[in-house]
Amino acid sequence: GRELQQLSACFVMPVGDSVDSIFETVKNAARIHKSGGGTGFSFTNLRPKNDRVSTSHGLSSGPISFMKVFNEATEAINQGGFRRGANMAILNHDHPDIIEFITCKTNEKALNNFNISVGITEEFMRRAERKEEYDLVNPRSKKPAGRLNARKVFDLIVSTSWASGEPGIVFIDRLNKTNPTPHIGAIESTNPCGEQPLLPYESCNLGSINLGKMISQSAAKSAKDNGGSASGGPAVDWEKLRKTVHLSVRFLDNVIEANNYLLPEIERMTKGNRKIGLGIMGFADLLIYLGIPYNSEKALETAEEVMKFISLESKRASQKIAEERGAFPNFKKSIYDRPGGPLLRNATTTTIAPTGTISIIAGASSGIEPLFAVCFTRNVLDGAKLVEVHPIFEKIAKRDGWYSEELMKNIAAHNSIQSMTDIPEDVRKAFVTAHDVTPEWHIKMQAAFQKYTDNAVSKTVNFPHSATREDITEAYFTAYRTNCKGVTVYRDGCRSEQVLTTEKKAPEKAKRVEEETPFSAAPRPRPELTYGFTRKIKTGCGSLYVTVNYDQNNKPFELFSTMGKAGGCAASQSEAISRLISFALRSGADFQEIIKQLKGISCHSVAWGKNGKVLSCADAISKALEYCLEGSSAAAQTGTSEPAVKAVSAKAAASDDGSSHESGNSGKGARSTTVMHKGACPDCGGSLSYEEGCVVCHACAYSECG
C-alpha cells in the first residue's frame, strides 16, 4: 500500500576502481537506502593504499578510506523514515590492505553502518592450517604485492572477532561453486546479513515461513504433554507446509513483477535471474512444540528433514510457474540447463534470513536460532526497555499453575533456566537457550540447513563472555569442514551495546584488541587537540625540529619531525620515521624500545652541537625522545600532577639552551612548525618547495595546492 513500491530487501552494487565508479555507487546506494533496502559491496577491486594513480600523478587512499565515504553517506540517509541503512563490506584475503580491513572496526564507533566480512577460500584455510604463506595481489596490476602468513592473518581475524564480533568470514569460492549463472558473472558480495549472495546489480526478495504454525492439530500440545512422540499423526503438518511453500514461491515471484526498480541495471539483472529466497523462522518454536532440545541429534535430523522438504517443494513450485510463464531469461547456460531437465522460473528459491524484525511481528523465534532467552529485555530505538516472555513458555506456566511475576523476573536475570528447579524438568529440557548451546552445535545446525539451501544461511554462533580465542578458532575451522558458506561469531558482552540482553550484569568490557592481536591493530584515534614540545637538534643534514605530543594520560602519543632546510631524501626519511613512530606509540608500543631501535644509527654526515654527537636524523630523533623520557621521569619523581610536557619545558628552561618549547597542535595531521619546503616529490624524488600557496617540484612540474 505504500506509494514507493520498492519491494526488495537485498542489493549488491559494484564498486569499480575509479573515482567516477565509486561515487556513482555511493549515489545509487543512497537511493536504495532511502527506499528501505540494504546493500552489499566488494571493495576487492579497488587498488591498495599508496598505489599510484596515473591520471592524477597521486597516490590511492585505499578501500578503507572509501568505505568511510559510504558509511557517512549511509549515516545521512534514513531508510524510508523507518530504519537506518545497512551495508556489507567484503574484502578478499589476498588484497594488500587486508590487515587494515580486518582491524577497521576495532573502534566501536568506526564504520557503524557496515558489517564486514573477509572473503576467504578453501585454499587459504588449508594454508592457515599448515601455517604457510600466500601471495597478496594488487587488483590494479594483477601482480603479486607481497606475502603474508595465512595463519597469522587467520589469527588476527579470530582476535578481532573475539573482541568485537567482526569481521565475519565468507567462503567466496563456495559462493561461486553454487552460483547458478556463472556465465552472467561472478558473485563478489552478499547482502548486509550475509545470507544472500548476489551478482553486481542483483536484488533479491526474501520471505520466511513460520514453522511454529506448521504443526498438525494432534501434535499442537505442550512439550510436557507430547514429549516429542505425539500419537495420532505426524509432528509436522507436511501438507500445510507444502501448500505454504507453493503459495510463498508464487508470491515472491509475483513481487519481482510488482516491484518498482530504482535503476535499469537492477531491473535487468533481477528479472534476468528472478532469484527469490524462501526461508523459515520459528524453528526453535517447532522444536519446543515437539519436545526436542535444540542441541541434540534429533534437532539436526529435524532441521535437515524440514529444509530438504522446503527445498524440494520450492523447486517444484518454480517448475510449475515456469510451465505457465516461462523460465528465468538467463536459464540457458545456467547450471540447470541440461538435456531433458525441467525449466525453472527462479535461479534460486531458498535462503535462511535472520528475520529479526518480522519474527517479532509474528511472535516467533528468529530464523534458525535457538531462543536468545526465555525471558529477556529488548532495547528499542527510543532507549526504552521492554521485558518479554516467550509466549509458549508463558502459556505452559499459566496453564500448569507455576507462573508468577517473581519467577519471570528471576528468569530475566539469567541466561538459562536449566538450573532452576522450580521449573519442571521436561520444560527446562525443551526450552534450551542460546547460552545453553555450545558453538559446536551452532555450527552443526547451520551446516544442516545449508545442506538444502540454495543461497546461504544467516546464523550467529553465540559464545559466552568467557570464551577464548581458541574456541572461536575451532568454530571457524568447524564451519570450514562442514561446508558452511560463511560464519559470524558473537561473544556475549564484547560490545558496549547489544540489541538483546538479559538483566544479568554485563561482563567486564574486553581488553583493547590492539593489546591482544598478533598484528598491530588500528591505532587509537587522534583527538582534535594535543599538547607537546618541539626540540631543535643539529644534524649533518641541517637542523631537525622534533615535536612530541602527549595523550590525556601524559604518555607520548605521536611524533612529527621537520628539516630546517630543503632536505630531499633526509626530509622524506625523517617524516617516514616519524609516521612509523606515531603509529607505534598510538598502538601501544614501548617508548624505551623505540629509543633503543633508533639510537646509534649512523649516516655519512655527522654533526656536533649542544646535544653532543648526532650520528643521523634517526639518532637525533632518539635524543629528542630521550629528552622527553627524562622530563616524564622528572615529573614522576616530583609527584607533580601537571602534564609531563611541563616538566620537559622546565628542564629546557633550566638548561637555557632555547631548544625546546611547548606547542599546541589542533586538527588531524597538524604540524608544530610551518616550513617553506615539503620534502621529496612523490613523482620524481626531487625537492619540493612551497610557493604562493602551492607545493611545487621544479624538476617535473608536480604541484599540489590547497
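Close contacts from segment 573-599, counting a first residue that is open to solvent by 80 Å² or more (accessible area, probe 1.4 Å) and a second that is modelled with pLDDT under 80, with Cβ to Cβ under 8 Å and a gap of 6+ residues or different chains, come to PHE583/SER520; PHE583/PRO523; GLN592/LEU629.
Reported count of residues in segment 4-58, each being among the aliphatic types (A, V, I, L, M), assigned to a loop (DSSP other than H, G, I, E, B) and modelled with pLDDT of 95 or more, is 3. Within this structure, ASP20 passes the test of being surrounded by fewer than 19 Cβ atoms within 10 Å (Cβ to Cβ) and either free of Cβ contacts under 8 Å to residues at least 24 places away in the same chain or over 17 Å from the mean Cα position of the chain (by Cα) (or both). Applying the criterion of being outside any helix (DSSP H, G or I) and polar (S, T, N, Q) to the residues of segment 255-311, the residue that is farthest from VAL437 (Cα to Cα) is ASN260.
For (1) of a type in the set (Asp, Glu); (2) under 15 Å from LYS213 (Cβ atoms); (3) surrounded by 23 or more Cβ atoms within 10 Å (Cβ to Cβ); (4) touching a Lys or Arg at 6+ places or on another chain (Cβ under 8 Å), each residue gets a yes or a no:
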residue: LYS275; (1), (2), (3), (4): no, no, yes, no
residue: MET281; (1), (2), (3), (4): no, yes, yes, no
residue: LEU286; (1), (2), (3), (4): no, yes, yes, no
residue: LEU300; (1), (2), (3), (4): no, no, no, yes
residue: GLU305; (1), (2), (3), (4): yes, no, no, no
residue: GLU313; (1), (2), (3), (4): yes, no, no, yes
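Out of all the residues in segment 86-96, is one or more closer than 30 Å to SER8 by Cβ, modelled with pLDDT under 95 and of a type in the set (A, V, I, L, M, F, W, C)? Yes - at least one qualifying residue is present in segment 86-96. Residues in segment 546-568 that are at pLDDT below 80 and of a type in the set (S, T, N, Q) were compared, and the one that is surrounded by the fewest Cβ atoms within 10 Å (Cβ to Cβ) is ASN553. Among the residues making up segment 209-229, those that are open to solvent by less than 30 Å² (accessible area, probe 1.4 Å) and either hydrophobic (A, V, I, L, M, F, W, C) or at pLDDT 95 or above (or both) are ILE209, ASN210, LEU211, MET214, ILE215, ALA219, ALA223. Selection of first residues in segment 40-52 that are touching a residue at least 12 places away in the same chain (Cβ under 8 Å) and closer than 10 Å to PRO139 by Cα and of second residues that are open to solvent by 20 Å² or more (accessible area, probe 1.4 Å) and outside any loop (DSSP other than H, G, I, E, B), restricted to Cβ pairs under 6 Å at least 6 apart or on distinct chains, gives the following pairs, ordered by first then second residue: THR44/ASN92. Hey, could you check segment 315-334 for residues that are small (Gly, Ala, Ser) and open to solvent by 20 Å² or more (accessible area, probe 1.4 Å) and say which is farthest from the chain's Cα centre (by Cα)? Among them, the one singled out is GLY326.
The values are calculated or read from the model by the stated rules, or taken from the named source; none is laboratory data. Just so you know, these numbers come straight off a predicted model, no measurement behind them. Please note: Cβ atoms are built from the backbone with ideal geometry, for glycine as well, and neighbour counts cover all protein chains shown. Accessible surface is based on the protein model in full, side chains and every heavy atom, while ligands, DNA and RNA are left aside. Shrake-Rupley method; radii C 1.70, N 1.55, O 1.52, S 1.80 Å.
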